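Peer 1: Here you go, one structure.
The values are calculated or read from the model by the stated rules, or taken from the named source; none is laboratory data. Note that this is a predicted model, so its numbers are computed, not measured. Cβ coordinates were reconstructed from backbone atoms using ideal geometry, including for glycine residues, and neighbour counts include every protein chain displayed. To get the accessible areas, we keep the full protein, side chains included, count just its heavy atoms, and leave off ligands, DNA and RNA. Shrake-Rupley method; radii C 1.70, N 1.55, O 1.52, S 1.80 Å.
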Amino acid sequence: MISRKLSSLLLSSASLLSIFTEAATAQQIGTGIPEFPPRLRTQKCTKFGGCKSQKTYLVADSRHRPFHNTQGEIIECSAANKTLCPDEATCAKNCILEGVEYGSLGVLASDTAVTLRNYLFDGKEHRGVSPRVYLLAEDGEKYEPIQLLNQEISFQVDASNIGCGMNGALYLSEMDFSGGKSNLNPAGAKYGTGYCDAQCPRSDFINGVVNLNSSGACCSEMDIWEANSRATTMTSHPCNHTGPFLCNGEEECLNKGGKGVCARKGCGINPFRLGAPEFYGKGEEHKVDTSRPFTVVTRFLTDNNSTTGALGEIRRLYIQDGKTIPSTSVSNIKALKKANISPSGGKFEGALTEGYCNARDFGDHAQMDGLKTMGQALGRGMVMVFSIWNSEADSMKWLDAGQNGPCRDGEGKPAKIAQKTPDVTVTFSNIKWGDIGSTQAV
C-alpha cells in the first residue's frame, strides 16, 4: 500500500509511537495522524432561489489510510492476517485506522476547486497514488446526499493535462451516507469507509468491517464523467438491490451466466464510438476543445417533469468560451449503422434513453431494468466520488483506444505514462446541482 509506505516515514519517531500506544484504548480510530479533510465549497441551486454555497469537504477513501496495532506498529490488516483478524470483532480491536495528509495523496483543494494528481515524485521515481475522495457534508460526519431525479449537475473540468490511458472521473455511488458506521466501524464516513460500486470490488474491508468471505461490495453507480483529454464516456450502471449490498461468487459478482446483480458493462455514451471523433478532443478542430477548461451539464429528466417521476432520459450539454454545445450530434449515417444505432434524419442526439440502450444491446443494463432502476437510486440519493487512475490490466482501452478513442495500442500503459508524462492531473471546480436550468443559464 502506498499510504503504508508514506506512513512508515511519518511514524518513525518514538514520540508518535508513544501517541499510538496511548490511543490503543480508542481502538479503531487513532490520533497519531490527525484527520483534517480539505474544504471544497459546492452549491445547491433552485430555479427561483438561485444557488447557495455549502461548506462541504473532501474525504479520502479508507484504502489510502495506514493501520497500526495497539503497540503502534504499522501493519497490514486483512483477512489474510489470521492473527490480527480471525474474526470481525477481533480485527476491529486490533486494527486502528489513522488520518491522512492529503498532499501526500495528490489531492489539492482550494475553495471551489480540487486538483487530483496521479503521480508524486519521491526523489527517486514517480510513484502512483491514484487518489479517490468523496464529498463530505457540512457536518463533517456523513457523506453529502446527491439526489438528481429531474435535477441537473454541472461542474467545470480542466482535462488538458490528462492523456491516453488515464481516467479523471466524477461519478455517483449509492454508498451508505454514514459510511457503514457501526460498533465495528466507528470511523464511518469521516474516515472514508463504505465504498461500493457496480463492479462489486472485493476490498479488504467492506463498510469498515474486515472482508472474511471475499465478498464484493456492490451498489448502483452513475458515471457522470469518465474522461481524459482524448475521449469521454457517461455510463449508467444500475444494480438490482437497494443501497449497498454484498455479492458472493463469480456468478453474482462477475455476472457469469447472466446471473449478476449489477450492470457491470452498463449503458453509456462515448462520442468517438458513436462516429463523432471531431466532437471531443484536444485542439480547436474539436467542438469541445480539451486544451482549455469547459463546463459539463448533465440533466436527469423524468417522465412527468417532477422529482417523483421515473427517469426517462439523461442528457448532456457542454459550455465553453460562453458557447453552449448540445449533446453529440452525428450526421454520418454510416457511422451510426456501424454503432448499431438507427439513424433518425441523419442526426443522433447523445442522450441516454431506454431506446438508445436497447438499440446498442447493452444487455446487462436491461437485465437490471435500466434507467428505471438507475432513477430510483438517484431519487434515494447517492455519494459524489472524485478519482484519477490508470489500469495495468487494460491500459484504459475501453475508454480511449480502438473503437473508443484515438489513442494507439500500448499508449496508455501505466509504466509508459510514469516514464514519459508523469505530471498528469485533472481539476474539477464550480460544482453545482439542483433544479433543471438552475445551475447554468442554458
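Peer 1: Scan the strands (runs of 3 or more DSSP E) fully inside the stretch 272-326 and keep the ones with 3 or more residues being under 22 Å from the mean Cα position of the chain (by Cα).
Peer 2: Fully inside the stretch 272-326 and qualifying: 294-302, 311-320.
Here's the yes/no breakdown for (1) closer than 29 Å to residue 145 by Cβ; (2) small (Gly, Ala, Ser); (3) under 18 Å from the mean Cα position of the chain (by Cα):
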site	(1), (2), (3)
35	yes, no, no
47	yes, no, no
51	yes, no, no
78	no, yes, no
99	yes, yes, no
124	no, no, no
129	yes, no, yes
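Peer 1: What are the pairs with Cβ atoms under 6 angstrom where one residue, in the stretch 308-321, is under 16 Å from residue 271 (Cα atoms) and the other, located anywhere, is outside any strand (DSSP E or B) and open to solvent by 40 Å² or more (accessible area, probe 1.4 Å)? Sequence gap at least six, or different chains.
Peer 2: Taking only residues 6 or more apart or on different chains, the pairs are 317/442.
Peer 1: Right, next: Would you kindly identify the helices (runs of 4 or more DSSP H) lying entirely within the stretch 351-415 that contain at least 1 residues that are open to solvent by less than 40 Å² (accessible area, probe 1.4 Å) and either of a type in the set (Ser, Thr, Tyr) or under 22 Å from residue 425 (Cβ atoms) (or both)?
Peer 2: Passing ranges, in order: 354-359, 370-380, 397-400.
Peer 1: Another one. Mind checking which residues of the stretch 46-100 are at pLDDT below 95 and assigned to a strand (DSSP E or B)?
Peer 2: Residues satisfying the conditions are 67, 68, 74, 75, 96, 97.
Peer 1: Right, next: Could you tell me how many of the residues in the stretch 220-262 are at positive phi and assigned to a loop (DSSP other than H, G, I, E, B)?
Peer 2: 2
Peer 1: Counting only residues that are open to solvent by 10 Å² or more (accessible area, probe 1.4 Å) and under 11 Å from residue 268 (Cβ atoms), which one in the stretch 213-234 is nearest to the chain's Cα centre (by Cα)?
Peer 2: Of everything passing the filter in the stretch 213-234, 226 is nearest to the chain's Cα centre (by Cα).
Peer 1: Filter the stretch 136-179 for residues that are of a type in the set (D, E, K, R) and touching a strand residue (DSSP E or B) at 6+ places or on another chain (Cβ under 7 Å); which is most open to solvent (accessible area, probe 1.4 Å)?
Peer 2: That would be 138.
Peer 1: Of everything in the stretch 181-212, what is closer than 30 Å to residue 270 by Cβ and surrounded by fewer than 24 Cβ atoms within 10 Å (Cβ to Cβ)? Give them in sequence order.
Peer 2: 199, 201, 202, 203
Peer 1: Can you name the residue in the stretch 101-127 that is outside any helix (DSSP H, G or I) and in contact with a helix residue (DSSP H, G or I) (Cβ under 7 Å, 6 or more places away or on another chain) and is also surrounded by the most Cβ atoms within 10 Å (Cβ to Cβ) among such residues?
Peer 2: Checked the stretch 101-127; the qualifying residue surrounded by the most Cβ atoms within 10 Å (Cβ to Cβ) is 119.
Peer 1: In addition: Do we find a residue being within 28 Å of the chain's Cα centre (by Cα) and either loosely packed, with under 12 Cβ neighbours inside 10 Å or modelled with pLDDT of 70 or more (or both) anywhere in the stretch 16-28?
Peer 2: Here is the first cut: in the stretch 16-28, the residues within 28 Å of the chain's Cα centre (by Cα) are 28.
Going one step further and asking which of them are either loosely packed, with under 12 Cβ neighbours inside 10 Å or modelled with pLDDT of 70 or more (or both), we end up with 28.
Yes: one or more hits.
Peer 1: What pairs come up if the first residue lies in the stretch 256-282 and is over 14 Å from residue 226 (Cβ atoms), the second is in a strand (DSSP E or B) and not hydrophobic (A, V, I, L, M, F, W, C), and their beta carbons are under 6 Å apart, counting only those six or more places apart or on different chains?
Peer 2: 263/237
Peer 1: Let me ask something additional. Report every pair of residues separated by at least 6 positions or lying on different chains whose Cβ atoms are under 7 Å apart, first residue within the stretch 162-173 and farther than 16 Å from residue 134 by Cα, second assigned to a strand (DSSP E or B) and among the small types (Gly, Ala, Ser).
Peer 2: That search, which allows pairs on different chains as well, returns 162/168.
Peer 1: Residue 238: in contact with a helix residue (DSSP H, G or I) (Cβ under 7 Å, 6 or more places away or on another chain) and under 15 Å from residue 197 (Cβ atoms), yes or no? If you could, list the steps in order and put the result at the bottom.
Peer 2: Working: in contact with a helix residue (DSSP H, G or I) (Cβ under 7 Å, 6 or more places away or on another chain): yes; under 15 Å from residue 197 (Cβ atoms): yes.
It is true that residue 238 is in contact with a helix residue (DSSP H, G or I) (Cβ under 7 Å, 6 or more places away or on another chain) and under 15 Å from residue 197 (Cβ atoms).
Peer 1: Just need a number here: residues in the stretch 155-194 that are in contact with a Cys (Cβ under 9 Å, 6 or more places away or on another chain) and within 13 Å of residue 384 (Cβ to Cβ).
Peer 2: So the answer is 3.
Peer 1: Suppose the filter is modelled with pLDDT of 95 or more and not in a loop (DSSP other than H, G, I, E, B); does residue 153 pass it?
Peer 2: Values: modelled with pLDDT of 95 or more: yes; not in a loop (DSSP other than H, G, I, E, B): yes.
Yes; evaluated as a whole, the condition is true for this residue.
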